[in-house]
Amino acid sequence: MRVNYLSPVRPLALYSGSSASHRNVRLLLLILIGILLSTFPLHVSGQLTSYMSQVGVSGDDGSIGSMGVRAEIRTHVYHVNQPDADYFWVGNYLNNGGLIEFGYIIYAPATMCPYEVQGNNATCIGGKLTVNGSEPLWSWFYVPKCNENNYYVGIGRDSLIEPNGTWHVYSILPNAGGWWEFQIDGHDVATANFPPTNSSNDAEMVAEKSSYSPSPGPLGPVEFRNLAYLKQDGWHEVNSLTASVTCGGSNRNCISATYGVALDGPNHIVAGTSVPQSQNGNTLWSLNPPNYASLFQTILLGTYKGPLGRLATDVSRIVFLMILGTIVLAVLRLKRKRAQHRALS
């Protein structure tokens, strides 16, 4: 029985996010990951090409410099086939040049363990787990320095997150001992023995597909809501959500499948298969004064995904056109009355 010391999902997540300041780091990581994947045995012998796609959102700039991050993620249980792995996480880039993530993951049927990677060497750092391809596991991911090929992955079972359709809060925060703590619904599930540091970019919540196939299976879809960040005065919910859409792999290959991210309510998104696609960098939601151009695009182009999906989009368009038509008719009537008034006078 082969042990998956390296699963497809985690090496690929090293360059997640949408911050322009990390583009050069991601390019270096692509090279390092390519070397690692071509020299270390994974699921099968021989050189493998990895593929990745990420769809999600980042919060507002107020989340920069935070000490922790959290979000609610709704469990969606489905079967994942080889050679895929699906990860749904909340996380941050860090001021020390690192990266930290936490959420739940569904692996294809396999036996794996928590592990660390130092250069081209992977080592188990915990007990082995055998999964059937339909089991959500909690998983954290920590990179001390994004420009070095060293990182750590933790995985584990928790019956709390298994029921399909249930919501759970995934939190990353410093603990009293001076390490990173990972919580589900306020309960400690794991610790990473690395000194916490503040974030260097906006908080993120992301759905991620990693595979060794260019045409992998479906991703979710999975719902996320209530993205928040921790500062000295406590937790704050973000006041905007911006689409974050990226793809690539060991050879910068994009997955051919189309995954999307769309608004499902205030500070609430759905991401994955059969979801309308959004352009990277588009504002999906904001508490700031409304952007009418963005609203027009959302309604007419169908980037909004309500609870009833396509029907909600069609109804929104009809209502919008009815309102627009009413305004036009009112303007025309006003002009006609003015013309009649002039004629009588």
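The values are calculated or read from the model by the stated rules, or taken from the named source; none is laboratory data. Here the structure is a predicted model, which is why all the values come from computation and not from measurement. We place every Cβ from the backbone using ideal geometry, glycine too, and count neighbours over all the protein chains shown.
For ILE155, the requirement of being farther than 19 Å from ASN96 by Cβ, surrounded by 15 or more Cβ atoms within 10 Å (Cβ to Cβ) and touching a Leu at 6+ places or on another chain (Cβ under 6 Å) is met. Can you confirm whether the stretch 251-271 contains a residue that is β-branched (Val, Ile, Thr), modelled with pLDDT under 95 and either more than 30 Å from ASN198 (Cα to Cα) or crowded, with 16+ Cβ neighbours inside 10 Å (or both)? Yes: the stretch 251-271 contains one or more residues that are β-branched (Val, Ile, Thr), modelled with pLDDT under 95 and either more than 30 Å from ASN198 (Cα to Cα) or crowded, with 16+ Cβ neighbours inside 10 Å (or both).
Considering the stretch 143-175, the residues that are over 18 Å from GLU72 (Cβ atoms) and modelled with pLDDT of 95 or more include one that is farthest from the chain's Cα centre (by Cα), namely ASN175. Of the strands (runs of 3 or more DSSP E) lying entirely inside the stretch 166-227, those containing at least 3 residues that are under 27 Å from LEU241 (Cα atoms) are 167-174, 180-184, 204-211. Does VAL117 satisfy the condition of being crowded, with 19+ Cβ neighbours inside 10 Å, over 18 Å from the mean Cα position of the chain (by Cα) and among the aliphatic types (A, V, I, L, M)? Spelling it out, VAL117 is indeed crowded, with 19+ Cβ neighbours inside 10 Å, over 18 Å from the mean Cα position of the chain (by Cα) and among the aliphatic types (A, V, I, L, M). Looking across the stretch 183-226, the residues that are of a type in the set (A, V, I, L, M) and out of contact with any Leu (no Cβ under 7 Å at 6 or more places or on another chain) come down to VAL189, ALA190, ALA192, VAL206, LEU219, VAL222. Close Cβ contacts (under 6 Å, 6 or more residues apart or on different chains) running from residues in the stretch 323-339 that are assigned to a helix (DSSP H, G or I) to residues that are of a type in the set (A, V, I, L, M) are absent.
Got a number for residues in the stretch 86-120 being in contact (Cβ under 8 Å) with a residue 40 or more places away in the chain, part of a strand (DSSP E or B) and not aromatic (Phe, Trp, Tyr)? Total satisfying the criteria: 14. Answer with yes or no whether GLN82 is under 19 Å from ASN149 (Cβ atoms) and either modelled with pLDDT of 90 or more or not hydrophobic (A, V, I, L, M, F, W, C) (or both). Considered against the rule, which asks whether it is under 19 Å from ASN149 (Cβ atoms) and either modelled with pLDDT of 90 or more or not hydrophobic (A, V, I, L, M, F, W, C) (or both), GLN82 comes out as no.
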